[in-house]
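Enquirer: One structure coming up, written as structure tokens, with questions to follow.
The values are calculated or read from the model by the stated rules, or taken from the named source; none is laboratory data. Everything numeric in this text was worked out from a predicted model, so none of it was measured. Reconstructed Cβ throughout: ideal geometry from the backbone, glycine too, with neighbour counts over all protein chains shown.
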């Protein structure tokens, strides 16, 4: 996979059944999704050296896209079909789209206008509780903003490049007058990549991002991730009460979204706050209770304990700070 598609964590291909068939047809129109009019066969390819959670997440997204909509849209907050990677399993919104996709009123070969004419009736039948008249058209997401976000997220890009991408994304988001999760993502990435001497600006950006996410459908998952970042900062400054408050708010969201790596990290952070308060036995129980999720999310015992040790070092520094 690394030699053929080095940038893909996993992917889905139409009209093939195995890797050899995919490689043999790599430059063939047979595997071009834009030429597929009726889907009869597709295969998801996932690397063998990834974590159990990554495999699960890939299968959710790629099988969902094999069956339904192919494009990822950054403006969708309550969906796995978004390259911000906050949602790790198919959401209720995603399942609704798949039900619409396979409704008997729709069939291959219909035009865009024909489908659009049938959608109101379909959504009224399949999701009557979602009927409202105050929806806003989010508008097209400019390619320049998407490229800036991709640069900010790129793991193989240098820190300066990533910061430049985040700054450009935020500038473009503001120029578009966005107030949705695209602005929130731009703010959050700027905060996470900010230099140490811009701590207050980064904190303000994180809080503004969280406020936007809390108003968005499905945005509680994104807001909970921000709570985790804030909890780490609070732990580093020995603010144990704040850590416990933030993690208590985020943990139920992590559980509902079935994100084991996220849940384990919150548990480890919370354990360090308990230790700061002298609640040593509670802290140790929570660390042990968090290890199964960590093994699933991070892939191995060693990786799970490495994550626990990484957070424990922050807790140890906080212990020293608290004694000053």
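Enquirer: Going through segment 33-60 one residue at a time, which ones are more than 28 Å from residue 300 (Cα to Cα) and exposed (fewer than 13 other Cβ atoms within 10 Å of the Cβ)?
Expert: Let us first name the residues in segment 33-60 that are more than 28 Å from residue 300 (Cα to Cα), namely 33-42.
Answer for segment 33-60, where residues must be more than 28 Å from residue 300 (Cα to Cα) and exposed (fewer than 13 other Cβ atoms within 10 Å of the Cβ): 34, 35, 37, 38, 40, 41.
Enquirer: Right, something else. Do we find that residue 127 is within 21 Å of residue 257 (Cβ to Cβ), outside the structural domain of residue 276 (by TED's automatic domain parsing) and more than 22 Å from the chain's Cα centre (by Cα) in this structure?
Expert: Judged against the criteria, residue 127 is a match.
Enquirer: Considering 159, 153, which residue is in contact (Cβ under 8 Å) with a residue 12 or more places away in the chain, out of contact with any helix residue (DSSP H, G or I) (no Cβ under 6 Å at 6 or more places or on another chain) and loosely packed, with under 14 Cβ neighbours inside 10 Å?
Expert: So the residue among 159, 153 that is in contact (Cβ under 8 Å) with a residue 12 or more places away in the chain, out of contact with any helix residue (DSSP H, G or I) (no Cβ under 6 Å at 6 or more places or on another chain) and loosely packed, with under 14 Cβ neighbours inside 10 Å is 159.
Enquirer: Is there any pair with a first residue in segment 85-108 that is in contact (Cβ under 8 Å) with a residue 60 or more places away in the chain and a second that is exposed (fewer than 12 other Cβ atoms within 10 Å of the Cβ) whose Cβ atoms are under 6 Å apart and which are 6 or more apart or on different chains, and what are they?
Expert: Every condition considered, the pairs that remain are 108/37; 108/38.
Enquirer: I'd like to know if segment 259-281 contains one or more residues that are surrounded by fewer than 17 Cβ atoms within 10 Å (Cβ to Cβ) and part of a helix (DSSP H, G or I).
Expert: Within segment 259-281, the subset surrounded by fewer than 17 Cβ atoms within 10 Å (Cβ to Cβ) is 277-281.
Going one step further and asking which of them are part of a helix (DSSP H, G or I), we end up with 280-281.
Yes: one or more hits.
Enquirer: Given the condition outside the structural domain of residue 58 (by TED's automatic domain parsing), under 30 Å from residue 80 (Cβ atoms) and surrounded by 15 or more Cβ atoms within 10 Å (Cβ to Cβ), answer yes or no: does some residue in segment 311-324 qualify?
Expert: yes
Enquirer: Out of 74, 93, 81, I need the residue that is over 22 Å from residue 156 (Cα atoms) and either touching a helix residue (DSSP H, G or I) at 6+ places or on another chain (Cβ under 7 Å) or assigned by TED's automatic domain parsing to the domain that holds residue 303 (or both). Which one?
Expert: 81
Enquirer: If you don't mind, another one. Within segment 216-229, does at least one residue satisfy the condition of being assigned to a helix (DSSP H, G or I) and over 17 Å from the mean Cα position of the chain (by Cα)?
Expert: There is no residue in segment 216-229 that is assigned to a helix (DSSP H, G or I) and over 17 Å from the mean Cα position of the chain (by Cα).
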